[in-house]
Amino acid sequence: MKKSEFLFPLARIINDGAMIFLGLLLAYFLRMRWFGIFGLPAPTTLFPLDLFYTFAFRISLFLVIIMALNGRYKFSADEKIGDEMWHIFWNFSSGMALLLVVFFFLKFTFFSRFIFGVAWLSGIIFLCAGRVGLRWIRTQCNKAGWGRIKILILGSGKIAEQTVAFLKQSPRFEVIGLLLEKKQVSKKTQWGIPVLGDFQNFEKVLETHHPDEVLVATENSTERITAKLVRIAHIHHIKFRFFPDELGLDLAAVEISTLGDFPLVTLQNTRLDGWGYVIKSGCDFFVATLSLALLSPVFAIIAWRVQKECPKAPILYASPRIGRNGRKFSCWKFRTMVPDADAQKKKLLTKNQRKGGILFKMENDPRVTNLGKVLRKWSLDELPQLWNVLRGEMSLIGPRPHLKEEVDQYAADDRRILSIKPGMTGFAQINGRSSLSFEEEMQYELFYLKNWSLRLDAIIFLKSVVVVLKRKNVS
């Protein structure tokens, strides 16, 4: 996810909160201070100014949350300016109406019809002005080359021509090339855009040009062809968009937006994009920080025991793993094996009990130390992975961290799982852990990829605790 995709929605949140706050302060000063010019008395039920700041902040936060629940801060959900202003008007107005209802039922002593009315009117004006200002700032950033979205267009008909015409006049987009439905050797450019080949060259073009998004704009595609294109795009972790038709594709993670006058469907590889990614990462950081602080005595005791058992070996073991988008990182664990465990593994491969041949498991593994057996039994050896979570390399919940030699043997579809961070525990772990075959584990991981939610994460976490306590399928 590009920084600009996160910064502009965040800027909308900050802008809206600030504009609502300013609207409330304007209404307060108009009623409490400026009316004194005309000799009108100030109401006695209102807060003094120093307390009103806190009151206005809470109201602003409440109204921003209402707007968020109404979808005002979605990633990559652009609207026409008229539609945006209309939605701002109704969302803010409904939030103010709900606020009145809350005041009524709580029998809140603060009330001034004048302040409420002026805050509503000024809030709408300030919100709309702020959004127009943000649009102008983003346009200037795009013109300067920052935050532009590189798009690869697939198609050659009327829809593709209209799409290219729209994108070329928008500073936000950069059309890097076209892929035609059928090979045409003579065509080097079309509509002023480089022709990079046909649909058969799709994967090669993704690897060489690295677009941010792919947009299918053709009248000649079929369900089978488009489904294949979606798979390839998601394998390469690239956003896939198309103009809707009757295709029966996997719509588990769909976002609806517009491109000019056209309705647009974005098929996401996972719901863990946009705010889903931000919220999950924020929860991971908070829980990892708290857990590291609270469990520091446990870390000290385990470290002391590991060092005592084998003084010449390191306390922690850094396992090279493959993380989100294929990035390499060191997955930390308390050492549970003898120092030359990796060298011994090659001799033990013939005794692998894991079905599928890619993952390794051996019952009564002779490389595991006595303390290591205890740590593995209660999954205590994995506690240092909280540091990986804090660094953003892992998540609390996610797929099992991938070994490079395993990833090298993954099928193309299996590589979609690299779109998200690996986790300390996950959906596969609570459904069999090391007793699963590789194919079964991958089915669970891909299900999690498509169906992620905070509720699912909570269920996985609670079931993981139960699995550890029951000591089932612990490798």
Checklist line | Search result, residues across segment 346-389 that are of a type in the set (Asp, Glu) and at pLDDT 85 or above | finding: Asp381, Glu382
Margin query: So, Glu439, is that one part of a helix (DSSP H, G or I), free of Cβ contacts under 8 Å to residues at least 12 places away in the same chain and among the acidic types (Asp, Glu) or not?
Written below: no
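Would you tally the residues in segment 16-47 being assigned to a helix (DSSP H, G or I) and either modelled with pLDDT of 75 or more or crowded, with 18+ Cβ neighbours inside 10 Å (or both)?
17
Select from segment 362-388 the residues that are of a type in the set (S, T, N, Q) and either assigned to a helix (DSSP H, G or I) or under 29 Å from the mean Cα position of the chain (by Cα) (or both) and list them in ascending order.
Asn370, Ser379, Gln385, Asn388 - these are the residues of segment 362-388 that are of a type in the set (S, T, N, Q) and either assigned to a helix (DSSP H, G or I) or under 29 Å from the mean Cα position of the chain (by Cα) (or both).
When you check Gly130 against the structure, is it over 17 Å from Ala27 (Cα atoms), touching a residue at least 12 places away in the same chain (Cβ under 8 Å) and assigned to a helix (DSSP H, G or I), yes or no?
Working: over 17 Å from Ala27 (Cα atoms): yes; touching a residue at least 12 places away in the same chain (Cβ under 8 Å): yes; assigned to a helix (DSSP H, G or I): yes.
Judged against the criteria, Gly130 is a match.
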Check: Can you tell me which residues in segment 252-290 are out of contact with any helix residue (DSSP H, G or I) (no Cβ under 9 Å at 6 or more places or on another chain) and surrounded by 15 or more Cβ atoms within 10 Å (Cβ to Cβ)?
Finding: Glu255, Ser257, Leu264, Val265, Thr266, Ser281
Item checked: Check on Lys188, without any contact (Cβ under 8 Å) to a residue 24 or more places away in the chain and of a type in the set (D, E, K, R) -> yes
Next item on the list: Hey, could you check segment 422-457 for residues that are crowded, with 17+ Cβ neighbours inside 10 Å and among the acidic types (Asp, Glu) and say which is farthest from the chain's Cα centre (by Cα)?
Entry: Glu441
Checklist line | segment 254-286, subset in a helix (DSSP H, G or I) and hydroxyl-bearing (Ser, Thr, Tyr), residue modelled with the highest pLDDT | finding: Ser281
Next item on the list: Check Ala293, Ala300, Ala318 and return the single one that is exposed (fewer than 14 other Cβ atoms within 10 Å of the Cβ), without any contact (Cβ under 8 Å) to a residue 24 or more places away in the chain and in contact with a strand residue (DSSP E or B) (Cβ under 6 Å, 6 or more places away or on another chain).
Entry: Ala318
Checklist line | Glu207 vs. criteria in the same structural domain as Gly157 (by TED's automatic domain parsing) and under 19 Å from Ala165 (Cα atoms) | finding: no
Item checked: Single residue of segment 48-99 satisfying the filter (assigned to a helix (DSSP H, G or I) and of a type in the set (D, E, K, R)) that is surrounded by the most Cβ atoms within 10 Å (Cβ to Cβ) -> Glu84
Item checked: Number of the exception - Met1 against (1) surrounded by fewer than 17 Cβ atoms within 10 Å (Cβ to Cβ); (2) at pLDDT below 90; (3) assigned to a helix (DSSP H, G or I) -> (3)
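This table checks each residue for (1) farther than 18 Å from Glu382 by Cβ; (2) modelled with pLDDT under 85; (3) outside the structural domain of Ile322 (by TED's automatic domain parsing); (4) out of contact with any Pro (no Cβ under 9 Å at 6 or more places or on another chain).
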| position | (1), (2), (3), (4) |
| --- | --- |
| Ser395 | no, no, no, no |
| Val407 | yes, no, no, yes |
| Tyr410 | yes, no, no, yes |
| Asp414 | yes, no, no, yes |
| Ser419 | yes, no, no, yes |
| Ala428 | no, no, no, no |
| Ser434 | no, yes, no, yes |
| Glu441 | no, no, no, no |
Note to self: Criterion first (modelled with pLDDT under 85 and not aromatic (Phe, Trp, Tyr)) does Val298 satisfy it?
What the structure shows: no
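Give the residue, chosen from Leu206, Leu179, that is among the hydrophobic types (A, V, I, L, M, F, W, C) and either in a strand (DSSP E or B) or at pLDDT below 90 (or both).
Step by step, each of Leu206, Leu179 is checked, and only Leu179 is among the hydrophobic types (A, V, I, L, M, F, W, C) and either in a strand (DSSP E or B) or at pLDDT below 90 (or both).
To keep it simple, each residue is scored yes or no on (1) within 21 Å of the chain's Cα centre (by Cα); (2) within 30 Å of Ile81 (Cα to Cα); (3) in the same structural domain as Leu229 (by TED's automatic domain parsing); (4) in a strand (DSSP E or B).
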| site | (1), (2), (3), (4) |
| --- | --- |
| Ala288 | yes, no, no, no |
| Val298 | no, no, no, no |
| Ile302 | no, no, no, no |
| Arg305 | no, no, no, no |
| Lys308 | no, no, no, no |
| Asn325 | yes, no, no, no |
| Lys333 | no, no, no, yes |
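Could you please let me know if Phe110 is at pLDDT below 90 and more than 19 Å from Pro194 (Cβ to Cβ)?
So Phe110 fits the description; yes.
Residue by residue, here is whether (1) under 13 Å from Ile193 (Cα atoms); (2) of a type outside the set (Gly, Ala, Ser); (3) surrounded by 13 or more Cβ atoms within 10 Å (Cβ to Cβ) holds:
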| residue | (1), (2), (3) |
| --- | --- |
| Arg135 | no, yes, yes |
| Arg138 | no, yes, yes |
| Ala144 | no, no, no |
| Gly147 | no, no, yes |
| Leu154 | yes, yes, yes |
| Leu167 | yes, yes, yes |
| Ser170 | no, no, yes |
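The values are calculated or read from the model by the stated rules, or taken from the named source; none is laboratory data. Please read these numbers as outputs of a predicted model, since none were measured by experiment. Cβ atoms come from the backbone with ideal geometry, glycine included; neighbour counts cover every protein chain shown.
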